[in-house]
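Input: a single structure, listed below in structure tokens.
The values are calculated or read from the model by the stated rules, or taken from the named source; none is laboratory data. This one's a predicted model, so the numbers in the text were calculated from it and none came from an experiment. So basically every Cβ, Gly included, is an ideal-geometry build from the backbone, and we count neighbours across all protein chains shown.
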Amino acid sequence: VVLAGGWVFTAALAAAVLLSAREYFELVRSKGIAQGMTPPPRYLSRVCSVICALMPILTLYFGHIDISVTSGAFVVAMALLLQRGNPRFSQLSSTIFGLFYCGYLPCFWVKLRCGLTAPLLNAGIGKSWPVLLGGQAHWTVGLVAILVSFCGIIASDTFAFLGGKAFGKTPLTSISPKKTWEGALAGLVGCIAITVLLSKSLSWPQSLVSTIAFGFLNFFGSVFGDLTESMIKRDAGVKDSGSLIPGHGGILDRVDSYIFTGALAYSFVRLHGV
């Protein structure tokens, strides 16, 4: 899917966004959170889930995110203000955050994969892309960046889990008691190591300092996304965001590390003049 890019990548991302948004709004409506605030109406939660899923598609079509975000926020605000009864600020804030968290942030992966099409002709593993595998005729900066970023996130999660299980003693935060500083350090080392290894193979980023910085950003985005979802689940009083994947929870439990990282990865590439 990542190799194919274009509509294939965007459609897959939109499907994941739709499922994630549905889980988010179910968490907002859960007893744990609903006891302290008024959740948005169920119909509006469903509308917002669809709006979130449309955001990556609109980003691919228009090339930027502003239109989809502004339009979505306007629709939500008007629907709440015009509803029967007394609208609550908590309804507006939780809904707008849902649009930002589940819709806006994932769009940066579309901008990174499909928007940055500058050819990377000096890729270390060759100038030609194997079209039979679903890719285009050449490597692009966006494709290489997203592959490095995805692998860095996977390495961060894997090494953090293994390091925490083997050496973890010092709790990282009360939000997620099972996470430890030792595990986080192992995740950081693993993420940077994989990023450096891939950068040598793909010749991007070319400087060691930039490579380490990119690895750190991927690690930071991964941890921040994980802790954000943990905070939401803790307030909701649930262990998993859903039951879509038996034994592994919901889709949000699988993609939380990617939600904030896309914006960081895209910003890093843009700051490098691409």
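Give me a count of the residues in the range 12-50 that are free of Cβ contacts under 8 Å to residues at least 24 places away in the same chain and either closer than 22 Å to residue 144 by Cβ or not assigned by TED's automatic domain parsing to the domain that holds residue 103 (or both).
Number satisfying all stated conditions: 1.
Out of (1) at negative phi; (2) under 20 Å from the mean Cα position of the chain (by Cα), what's the single condition that is false for residue 90?
(2)
Among the numbered criteria (1) without any contact (Cβ under 8 Å) to a residue 24 or more places away in the chain; (2) closer than 19 Å to residue 144 by Cβ; (3) surrounded by 19 or more Cβ atoms within 10 Å (Cβ to Cβ), which one does residue 207 miss?
The failed condition is (3).
Whether any residue in the range 230-237 is assigned to a helix (DSSP H, G or I), out of contact with any helix residue (DSSP H, G or I) (no Cβ under 6 Å at 6 or more places or on another chain), over 21 Å from residue 102 (Cβ atoms) and aliphatic (A, V, I, L, M) is what I want to check.
The answer is no, given that none of the residues of the range 230-237 is assigned to a helix (DSSP H, G or I), out of contact with any helix residue (DSSP H, G or I) (no Cβ under 6 Å at 6 or more places or on another chain), over 21 Å from residue 102 (Cβ atoms) and aliphatic (A, V, I, L, M).
So that you can scan it fast, the table gives a plain yes or no per residue for (1) touching a helix residue (DSSP H, G or I) at 6+ places or on another chain (Cβ under 9 Å); (2) farther than 26 Å from residue 24 by Cβ; (3) among the β-branched types (Val, Ile, Thr); (4) touching a residue at least 60 places away in the same chain (Cβ under 8 Å):
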| position | (1), (2), (3), (4) |
| --- | --- |
| 184 | yes, no, no, no |
| 189 | yes, yes, yes, no |
| 228 | yes, no, yes, yes |
| 263 | yes, no, no, yes |
| 269 | yes, yes, yes, yes |
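Counting only residues that are polar (S, T, N, Q) and assigned to a helix (DSSP H, G or I), which one in the range 238-274 is surrounded by the most Cβ atoms within 10 Å (Cβ to Cβ)?
Per the stated criteria, the residue is 261.
Table: residues versus (1) in the same structural domain as residue 63 (by TED's automatic domain parsing); (2) over 29 Å from residue 60 (Cα atoms); (3) in contact with a strand residue (DSSP E or B) (Cβ under 7 Å, 6 or more places away or on another chain).
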{"site": "142", "(1), (2), (3)": "no, no, no"}
{"site": "150", "(1), (2), (3)": "no, no, no"}
{"site": "153", "(1), (2), (3)": "no, no, no"}
{"site": "160", "(1), (2), (3)": "no, yes, no"}
{"site": "172", "(1), (2), (3)": "no, yes, yes"}
{"site": "185", "(1), (2), (3)": "no, yes, no"}
{"site": "190", "(1), (2), (3)": "no, yes, no"}
{"site": "197", "(1), (2), (3)": "no, yes, no"}
